[in-house]
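Notes for the one structure printed next.
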Amino acid sequence: MQSLIVRFAIVERDSHTKAVQQWVDTMIVGMGFCPWAKPASEANAIRVVTSNASSGEGVLVDLRDEAAKLTAVPLHPARGVPVTTLLVCPHVAEWGHFDAFSQFGTEVLDCGDALVSEFGCKIVSFHPHSQASNQYGVSAGDEVVACVDGNSQLCGTVLRDNVGNDEAGTKLLEVQFFGEAVQSDFDDMSSGGLMIQPLADLDRVEVIAETAITQLLGRDALQDAESCRSVLGRAPRPVLHLLRAADLEAVDNEVAQETLDLNEKVMNELGIDEFDQCLHRCG
């Protein structure tokens with residue numbers, strides 16, 4: 001008589017989940033980086049599990065399974081019912097390099113939107129060597145500087161970030177331009193010398209490639225590998241965080257901006273070296 005061996009794709013309470021749970025408890029919640037994580041943690045509503053998959057395809061299967069579980073959860077569940085899931089992915093060898101992990105997030109996970117239509121879940125990626133400039137794309141509402149018509153540097157507001165892709169596969173954005181960037185040394189916009197001259201035509205709206213963006217106004221940190229946004233994208237292991245879209249839509253934009261500003265302040269006081277040491281102590 002043959003014995004039936006069942007292989008579980010998801011593991012709970014192993015060394016990897018413990019390291020990520022420690023990161024959530026001591027850093028994300030403990031240092032106040034995410035105000036929404038604390039009530040979820042206190043309600044025992046954060047699920048942390050490890051994927052045994054050794055390939056991106058296998059991780060995607062596990063990710064879809066976890067998203068399906070969240071879909072079945074009511075908007076206001078009882079205490080102890082998970083409303084968000086952290087899927088730890090330590091066994092995909094190439095994901096030891098952030099670029100490969102980031103590429104999976106962009107191409108396969110559609111910058112976090114791959115499961116929105118089917119499961120109503122967004123995906124946020126974390127990695128020990130996260131760089132926000134590669135992880136966070138341009139979003140609707142962002143103010144940008146873009147190279148238009150070959151050499152003009154125009155400032156505008158992104159109206160839509162889901163226009164589609166061009167023939168080369170580059171993401172297309174709809175932007176309403178309001179000014180022209182004027183600077184003697186445009187290659188060093190970090191110096192603060194950027195000046196904006198208003199356009200005569202304030203109704204100028206164009207569809208441009210995301211690669212035309214040269215700067216994110218008010219979000220310079222996205223261009224810096226050692227910025228607050230980059231550092232806060234770091235976790236002890238590669239992690240794919242499933243968030244219910246309905247929960248995200250309920251977040252007040254003003255509170256969200258206040259949180260980003262507070263995170264910048266906390267990171268400036270803590271310092272990148274101390275943050276990385278805290279991350280290392282998680283396991």
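Look through Val59, Val73 and report the one residue that is in contact with a Cys (Cβ under 7 Å, 6 or more places away or on another chain), in contact (Cβ under 8 Å) with a residue 60 or more places away in the chain and more than 28 Å from Leu216 (Cα to Cα).
Every option except Val59 fails the conditions.
Within the range 199-222, how many residues are at pLDDT 80 or above and farther than 14 Å from Ser152 by Cβ?
6
Can you find a residue that is touching an Asp or Glu at 6+ places or on another chain (Cβ under 6 Å) and of a type in the set (A, V, I, L, M) anywhere in the range 26-39?
no
On the basis of being at pLDDT below 95 and crowded, with 19+ Cβ neighbours inside 10 Å, does Pro82 make the cut?
Yes: the conditions hold for Pro82.
Considering each of Ala114, Ala67 in turn, give the residue that is in contact with a Phe, Trp or Tyr (Cβ under 6 Å, 6 or more places away or on another chain) and buried (at least 20 other Cβ atoms within 10 Å of the Cβ).
Just one listed residue meets the conditions, Ala67.
With the requirement that a residue be crowded, with 17+ Cβ neighbours inside 10 Å and within 19 Å of the chain's Cα centre (by Cα), what does the range 16-32 give you?
Val20, Gln21, Trp23, Val24, Met27, Ile28, Val29
Specify which of the listed residues (Pro35, Pro90) is surrounded by 16 or more Cβ atoms within 10 Å (Cβ to Cβ), touching a helix residue (DSSP H, G or I) at 6+ places or on another chain (Cβ under 9 Å) and not hydrophobic (A, V, I, L, M, F, W, C).
Selected residue: Pro90, the only one of Pro35, Pro90 that is surrounded by 16 or more Cβ atoms within 10 Å (Cβ to Cβ), touching a helix residue (DSSP H, G or I) at 6+ places or on another chain (Cβ under 9 Å) and not hydrophobic (A, V, I, L, M, F, W, C).
Quick check on Asp25: is it in a helix (DSSP H, G or I), modelled with pLDDT under 90 and either closer than 20 Å to Ala9 by Cβ or not β-branched (Val, Ile, Thr) (or both)?
Spelling it out, it is not the case that Asp25 is in a helix (DSSP H, G or I), modelled with pLDDT under 90 and either closer than 20 Å to Ala9 by Cβ or not β-branched (Val, Ile, Thr) (or both).
Take His129 and decide whether it is surrounded by fewer than 17 Cβ atoms within 10 Å (Cβ to Cβ), farther than 30 Å from Met195 by Cα and either in the same structural domain as Leu172 (by TED's automatic domain parsing) or in contact (Cβ under 8 Å) with a residue 60 or more places away in the chain (or both).
yes
Has the range 180-189 got at least one residue that is surrounded by 13 or more Cβ atoms within 10 Å (Cβ to Cβ), at pLDDT below 65 and touching a Gly at 6+ places or on another chain (Cβ under 7 Å)?
yes
The values are calculated or read from the model by the stated rules, or taken from the named source; none is laboratory data. Bear in mind the structure is a predicted one, so any value in this text is a computation, not a measurement. Heads up, the Cβs are rebuilt from the backbone with ideal geometry, glycines too, and the neighbour counts pull from every protein chain shown.
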